[in-house]
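What follows is a single structure, written as structure tokens, with notes after it.
Bear in mind these aren't lab numbers, they're just calculated from the coordinates by the rules spelled out. None of the values given here were measured: they were computed from a predicted structure. Cβ atoms come from the backbone with ideal geometry, glycine included; neighbour counts cover every protein chain shown.
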Ligand SMILES: [Zn+2]
């Protein structure tokens, strides 16, 4: 992967720069990225709740450095590693892209659908669907 783009002049790149990955490592999914070599990675974990004797699902979101030569995209499954503080919020760096997260696009679409819909919009959609079915019957 390192040889694909040798003109990587990112000083905060774990392969070509002066950042040494050390400490904790996690695997997560890129949920957002910006052009300033940053990305937000999210992953899910479980914690045992003694009172209710079952696991609760927890989510962790952190901002990470997205090196130029890797350039992880939204929906990518990535391996991240702790490193020295790179900026105010970034203490982790992406070290490897593990591939596309399946169902990420689908989940994103469902989230979008469930988000902003007024009752009017929903009713209109229902009407549209009824019309379509009627047309199909005729
Ligand atoms: Zn690089």
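Between residue 131 and residue 25, full extension at 0.36 nm per residue minus the direct alpha carbon distance yields a gain of 32.8 nm. Here the Gaussian network model covers the chain, with springs between Cα atoms less than 10 Å apart; of 47, 84, 24, 47 fluctuates the most.
Maximal additional length on extending the residue 62-residue 9 stretch stands at 16.7 nm, based on 0.36 nm per residue less the C-alpha distance.
For segment 8-30, the residues whose backbone nitrogen is under 19 Å from a point 7 Å from the Cα of residue 100, taken along Cα to Cβ, are 28-30.
Past the 20 angstrom mark, what percentage of all C-alpha to C-alpha distances in segment 25-102 do you count?
32
Relative contact order for segment 25-102: 31 percent, from Cα pairs under 8 Å spaced at least 6 residues apart, divided by residue count. Note on residue 73 and residue 123: with the Förster distance fixed at 41 Å, the Cβ-Cβ geometry gives a FRET efficiency of about 0.65. Length, then width, then depth: along the principal axes, the Cα atoms of the chain run 67, 50, 25 Å.
At an R0 of 30 angstrom, the distance between the Cβ atoms of residue 111 and residue 18 translates into a FRET efficiency of 0.20.
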